[in-house]
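No value in this document is a laboratory result; all are computed from the given coordinates. All of these numbers come straight from a predicted model, not from anything done at the bench. Cβ: placed from backbone, ideal geometry, glycine included. Neighbour counts: every protein chain shown.
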Amino acid sequence: MFQPLLEYFQGSPVALIGLLALLVLCGLGLPIPEDIILLTTGVLVRESGGSWLLASCVMYAGVLAGDSLAFLLGRHLGKRLLASRWALRFMPSCKQQRIEDLFRRYGSTVYFVARFLPGLRAAIFCSAGAMKAKYLRFVLFDGLAALVSVPLFVWLGHMLWGRFGNDVAKLNALLAQTHNITLGLTVGLVVVVGTVIWSLRRRVFRTA
């Protein structure tokens, strides 16, 4: 997926805008891994001599925009959207019930974890909107999670292209390894942060 995406946007004057649009669509369920888009962003920024940090800020806005659209679709279309034939093909009633159970059990922590679940993220955020969850709380937890993943993958693409840009085959192999390592570290971080938040919530409710 990385190489075709890179070849398509390489040399394009509107590459960053195109990648930003893809990230927004990913928030609505487009089946393209976000990390591949972010890695490609880092590569293209390296080629153009731009700032990977500035590009990370732009991509961060795209991630939050896509996630917010999924949330707001659920908020305004609500149960009608989730009960539609199209939605039930991807998220049957049993899965919707499990998502509601997760929110009842873990609260806002689900937003943070869902950011790292590509196959379920849009469905979870849409369900949260349909349940009339608080938008500001959603943005806070989702934004904290994106603050971890977005700069990390953009920087990785920027750094790795500087080292292996002349050998695309080697870079592809390295990116596959890096993806697995980064995914493992990210999952570990999610577990740690989720546990801390859950523990803090328990203490607050016990003392309340």
For segment 58-74, Karplus couplings with θ = phi - 60° (6.51, -1.76, 1.60), whole Hz, Gly/Pro x: 5, 5, 4, 4, x, 4, 5, 5, x, 5, 5, 4, 4, 4, 6, 4, x
Pairwise label distance in nanometres, ASP101 with HIS76, each label 7 Å out on the Cα-Cβ vector: 3.3 nm
Phi-based couplings in Hz for segment 52-57 (Karplus 6.51, -1.76, 1.60; Gly and Pro marked x): 5, 5, 5, 4, 4, 5
Full-extension gain in nm, CYS57 to LEU117, via 0.36 nm per residue minus C-alpha separation: 19.5 nm
